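Structure, as structure tokens:
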Amino acid sequence: MFFQTVQLMHSIIQPSLRHRDNDLSNFTIVCSGCGTELPVGALTCPSDNGLPRAMYSSRQLHLHDHPGMGRFREWLPVNGPMNIKAGPITYRSTGLARELGLTNLYIGFNGYWPEMGANILTCSFKELEAYPTIQRMQELGHCKLVLASAGNTARAFAHAAVGSDIQVYIVVPGSGIDRMWIPEEPSDNIHFISMAKTFDYTDAIRLADRIASLPGMTPEGGARNVARRDGMGTVMLDGAVTMGRIPDHYFQAIGSGTGGIAAFEASVRLQADGRFGKRLSILHLAQNLPFAPIFDAWQHGHREIDEAVDVYNTKQLINQMYTDILSNRKPPYSVPGGVYDALSLSNGHVYGIDNSLARSCNSLFEELEDIDIMAPAAVGVAALVEAVELGRVKADDHILLNITGGGVERLKEDFDLCKIQPELHIDSLDVEIAEILP
Ligand SMILES: *Cc1c(COP(=O)(O)O)cnc(C)c1O
Ligand SMILES: [Zn+2]
């Protein structure tokens, strides 16, 4: 069923199919599973629960003359211009490339590294999701946005919302509270709700769902949000534009795997464009052991994730991870258009990376490339090291390594970071949320 959509994406959309919901729109929303056109703001398909996907009327990518990710506006689900400095950058590696014996290793650096033109001030690729999402919400006329995050997404949305008209409600589990800083004074439209240490990311998602069901609130949508995926997909677009071709391989550390789906969708669009080569990028996605549900399911050839593991055990496993940013108990793996489909259609691989390899790859990268990176990014580096050892990549293959976060230390040299204070702290889920919400 997913093949249909790939074909659908490749066929030129009839003008009569466009412009139905919004006369100015350069895209429609269709279901990845069955190809049905969905209403503009839809997060689900009524018949098969497939991920909604944007279909752009331009089959070819024409770059706009903007400094940041607005360059890729043609393939972002927004209608107005995007004037922001943040965007993906790609450079050809020398240090790590030589160490691994690779001649065409390119690094997509998503963080702060002004010397390289990298201006993501919350230091992770989550900011690439936040800007188009907030702009799309404004264009759809929504004014209150709700999301849950273990840290990087929270920062990204808070920063992207500064000075905007949107009220953003951000639910953060206990483990993420220390990560709640932004490089400027937070504005009044940012509402930060913290949870006690006993609650994890999945608990935060549940609470955010309850808040989002209140009148006037709009859920951000996570992996189902097309603005979020296509925002992350600009990493693949920038890589391909830099290399002049679709990369043979794409490496990324995943928790939910949304970035993997996004990279896959971007490579399908580049394939349809015709100027970047015929072959899709092979996805190489990395999880951090011991909590690696996507790795486990993919290893066994399963489309479903085994949810038999009890919650207590799961929390124990998550506590043992090098980086809990990569823990996600309910990833969009089995749904039509999800991680399983993206891996299958790209002949992809999933890696289970242990803590010691992740740690050593963190140092290796920082020494060889001369910039600090976030722990999850090191898990992606480790997958590349394993792939080279296993002979899954050839020395002259074109490789895009997504460094999903980095430059926090570099940022501290230039900015004073401000902590965002919670407006509400939750230590029991047994509350009437509507009554206590700020
Ligand atoms: C969220 C995040 C990831 C994982 O991304 P997904 O594709 O959503 O699984 C990797 N690295 C960093 C730094 C992140 O913040
Ligand atoms: Zn459907």
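The values are calculated or read from the model by the stated rules, or taken from the named source; none is laboratory data. This is a predicted model, so every value here is computed, not measured. All Cβ positions, glycine included, derive from the backbone under ideal geometry; neighbour counts span all protein chains shown. Ligands, DNA and RNA are stripped out before the accessible areas are found, and what is left, the full protein with its side chains, is counted by its heavy atoms. Shrake-Rupley method; radii C 1.70, N 1.55, O 1.52, S 1.80 Å.
Observations on the model:
- Expressed as a whole percent, the accessible surface of region 125-164 that belongs to carbon and sulfur atoms is 51, based on a 1.4 Å probe.
- Within the accessible surface of region 281-438, defined with a 1.4 Å probe on protein heavy atoms only, the carbon and sulfur portion equals 47 percent.
- Carbon/sulfur fraction of accessible area - region 212-268, other protein chains in place, 1.4 Å, %: 53
- Packing, as the average of other Cβ atoms within 10 Å across residues, places the peptides 26-35, 86-95 in the order 26-35, 86-95, highest first.
- Label-point gap, in nm, between Ser187 and Glu423 - each point 7 angstrom along Cα→Cβ: 1.4
- Residues in the chain average 39 Å² of solvent-accessible surface per residue, probe 1.4 Å, ligands and nucleic acids excluded.
- For the chain, taking a cut-off of 4.7 Å between Cβ atoms, the unpaired cysteines are Cys34, Cys123, Cys143, Cys361, Cys418.
- Pairs from Lys126/Lys330; Lys126/Lys412; Lys144/Lys315; Lys197/Lys330; Lys144/Lys197; Lys85/Lys126 whose Cα-Cα separation, in the structure shown, is over 22 Å: Lys144/Lys315; Lys144/Lys197
- Cα-centre dipole for region 93-144 with unit charges at Cβ (Lys and Arg positive, Asp and Glu negative), debye to 20: 120
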